[in-house]
Every structure is written in C-alpha cells, then in structure tokens.
Amino acid sequence: MTQAYIRQLAEKFLNGTASEEEKAILHKWYDSQQADIPETETVFTRSPETASEMKDRMLQNMKAMQRPTRKTPDFTLVKRLVSWSTAVAALVIAGFIFWTNHHETAETSIKLVTAPLGKTLKVTLPDGSLIWLNAGSSLSYPRAFSGKTREVVLKEGQAFFDVKHMSDKPFIVHAKTLNITVLGTSFDVKAYHNDPDIKVTVKTGKVGVTIRDKPERPALMLLPAEQAVVPEKNAEIYVSEISKPAIAPWKDNRMVFEDELLSEVFHALERKYKQHIVIEKTDLSAEKISLTLDDQPIGDVLKVLGFSKKFDYSQLNDSTIVIK
C-alpha cells in the first residue's frame with residue numbers, strides 16, 4: 001500500500017468523501033503503524049474523547065508526519081502584507097465609491113426633459129411650477145431648487161411657464177441670449193435655433209427681460225399681452241402688443257399666428273406634423289401671414305396657405321414636402 005494512496009484516503013476521510021470501505025482500510029493501516037511508534041502521546045481534554053474523535057486526531061497527526069518537510073513561512077509578515085493590502089484595497093474602494101457618488105450627484109442633480117416632434121409635454125417643477133414644452137423643445141432644471149433663486153434653462157424650443165409665486169426666490173429662465181426673471185406669473189418663451197428671433201410673451205403678471213451679454217442694461221419689464229422680440233443678430237429688444245388668444249395656444253393643440261413670417265409658420269408645421277419642408281420658392285420666406293389652425297391634416301393646411309400665398313406643394317416622400 002503506497003504512501004500516495006494512504007494520503008489520498010486521508011484527504012477523502014478529512015473532507016468527508018471517503019466510503020466505509022476506504023475508512024476501514026485507513027483505520028487498519030493506522031492501527032498497524034501504532035505498533036512501530038515507541039512513545040505514547042498524552043492529550044488533555046475537557047471531556048473524554050470518543051473512539052472516532054481519537055482516530056480523527058491521530059489521523060491528522062499522521063498526515064502531518066507523512067508530508068514532506070517544508071520551511072514554515074513567516075506568518076507575521078504574511079499577516080502584515082494581508083493587512084496592508086486590505087487597507088489599500090479599502091482605500092481604493094472607498095475612493096471609488098466617493099468619486100462615483102460625487103460624479104453621479106453632479107450629473108443627476110440636473111434633469112433634462114425633451115418633447116419629441118409632434119407632441120407637447122407638461123412638466124411639474126420641484127417648487128410646484130408648471131411648464132408646457134412645445135414639440136421639439138428641451139429644458140433642464142435642478143431636481144431641487146437651492147439657494148436664493150430658481151433657475152432653469154430652455155435649451156431649445158418653446159415653453160409656457162406657469163410659475164408659483166415666491167417673493168423671496170425669483171424664478172429665472174435662461175434662453176439663448178436672454179435671462180427672463182419673474183416672481184410668479186405665466187408667460188411664453190420661444191427660442192428655436194432655426195427661428196431668427198427670441199420671443200417672450202406675457203399672459204399674467206410681470207416679467208423682466210435682460211440680455212445676458214449686456215449686464216449694464218436695466219431689465220425691460222413686460223406686462224400682460226406684451227411681447228418682447230429680440231433678434232439674435234443685433235441684441236435689441238422690441239416690444240409690441242399681442243392678443244391673448246395668440247399666447248401659447250399650442251399647448252391646447254391650436255396654432256395662432258398674428259402677422260407671422262411664413263418661414264416661421266413652416267417651421268411650426270414641421271415640428272407639429274413631423275415633416276421636413278423644403279422651400280424652393282425663396283421669396284415666400286419673408287412674407288407674413290395671420291392664421292388660426294386647430295388640428296387639421298397638414299395637406300388641408302398647405303392648400304389654404306398655397307391659395308392665399310400663391311404657391312404649390314408636393315409630397316416628396318413620407319416625411320418631406322417641397323414648396324414651389
């Protein structure tokens with residue numbers, strides 16, 4: 001019976017996988033070895049050992065004797081290395097968790113909402129203010145307003161704001177080159193990238209409009225039914241009156257244009273109907289029109305416009321219309 005076989009049986013016995021036959025072979029071998037051991041081992045125990053416990057203990061001693069002698073490692077050094085590695089790992093993990101939390105907090109503290117083409121979207125802000133986003137518009141705002149102001153950014157498009165009044169915490173909208181400041185009122189801001197002008201229209205209350213790059217200029221105050229038009233090219237503010245039906249009718253699925261450039265009307269139709277309109281008759285862009293639309297098919301709308309402005313149109317494909 002080889003030492004390798006005995007060692008294999010001992011390992012199976014210790015991990016509980018040895019069969020009864022293998023256990024008998026191992027015990028028989030162990031008993032035969034005891035006759036060759038000149039000294040008796042004395043063990044002090046708190047309670048008498050059973051026969052099985054004694055055999056297990058003696059088997060472990062035997063197993064230790066049968067193994068080749070190896071240099072005992074310095075476990076103090078090993079423990080130090082393990083402790084040091086654990087500490088370094090803990091610091092790395094803690095640093096990663098801190099960075100992750102900080103990084104997530106910085107990015108997730110600002111929320112971005114976007115209204116897809118063909119749809120409007122209603123948003124409730126943390127302070128209870130309400131915002132309607134027109135098709136193709138996007139707005140960012142903090143998940144919680146902190147500090148002395150409530151600030152949001154109209155990144156693109158058109159939005160109607162119904163702001164909850166807070167006399168000690170002004171509400172500020174950043175839209176392209178403008179800052180619009182209110183305490184509590186309702187107003188519309190239109191600032192699409194492909195429209196030449198920024199428009200701010202007041203429905204209720206009072207609105208202050210300032211040009212961001214002109215901090216020395218005092219705020220221009222707008223009253224209900226007043227509209228500020230700011231061409232991006234010259235950064236001047238022009239004020240005109242507008243009828244209340246023409247203030248943000250889009251949020252009720254209506255479109256009202258009062259003396260509006262035809263090019264802006266076409267842009268509005270593109271966003272509402274998810275169409276791309278190509279204007280081959282270039283002189284149309286500078287013309288103006290007054291028009292009220294509900295939810296008619298775009299074909300009917302173009303027929304009316306074509307009759308009044310003397311142009312034809314064709315549907316090039318599912319998403320492209322050519323004006324000629």
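The values are calculated or read from the model by the stated rules, or taken from the named source; none is laboratory data. None of the values given here were measured: they were computed from a predicted structure. Using ideal geometry, Cβ is built from the backbone for each residue, glycine included, and neighbour counts are taken over all protein chains shown. Protein only, heavy atoms only, side chains kept; ligands, DNA and RNA dropped before computing areas. Shrake-Rupley method; radii C 1.70, N 1.55, O 1.52, S 1.80 Å.
Residues checked against (1) outside any helix (DSSP H, G or I); (2) more than 25 Å from Leu117 (Cβ to Cβ); (3) open to solvent by 50 Å² or more (accessible area, probe 1.4 Å):
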residue: Ser167; (1), (2), (3): yes, yes, yes
residue: Asn179; (1), (2), (3): yes, yes, no
residue: Lys190; (1), (2), (3): yes, no, no
residue: Val200; (1), (2), (3): yes, no, no
residue: Gly208; (1), (2), (3): yes, yes, no
residue: Pro215; (1), (2), (3): yes, yes, yes
residue: Pro218; (1), (2), (3): yes, yes, yes
residue: Lys233; (1), (2), (3): yes, yes, yes
residue: Trp250; (1), (2), (3): no, no, no
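The combined condition, being modelled with pLDDT of 90 or more and open to solvent by less than 70 Å² (accessible area, probe 1.4 Å), is not fulfilled by Ser85.
Criterion first (hydroxyl-bearing (Ser, Thr, Tyr), open to solvent by 20 Å² or more (accessible area, probe 1.4 Å) and over 20 Å from Val265 (Cβ atoms)) does Thr204 satisfy it?
Considered against the rule, which asks whether it is hydroxyl-bearing (Ser, Thr, Tyr), open to solvent by 20 Å² or more (accessible area, probe 1.4 Å) and over 20 Å from Val265 (Cβ atoms), Thr204 comes out as yes.
Restrict the check to the range 238-247 and report whether at least one residue is at pLDDT below 95 and either in contact with a Leu (Cβ under 8 Å, 6 or more places away or on another chain) or within 20 Å of Val153 (Cβ to Cβ) (or both). Checked against the condition, which is being at pLDDT below 95 and either in contact with a Leu (Cβ under 8 Å, 6 or more places away or on another chain) or within 20 Å of Val153 (Cβ to Cβ) (or both), the range 238-247 yields no hits at all. Residues in the range 282-314 that are under 24 Å from Arg254 (Cβ atoms) and in a strand (DSSP E or B): Lys288, Ile289, Ser290, Leu291, Thr292, Leu293, Tyr313.
Residues of the range 119-165 that are assigned to a strand (DSSP E or B), open to solvent by 20 Å² or more (accessible area, probe 1.4 Å), farther than 25 Å from Ala268 by Cα and not acidic (Asp, Glu): Pro142 alone. Of the residues Val189, Val163, which single one is at pLDDT 90 or above and farther than 28 Å from Ala286 by Cα? Of the residues listed, the single one that is at pLDDT 90 or above and farther than 28 Å from Ala286 by Cα is Val163.
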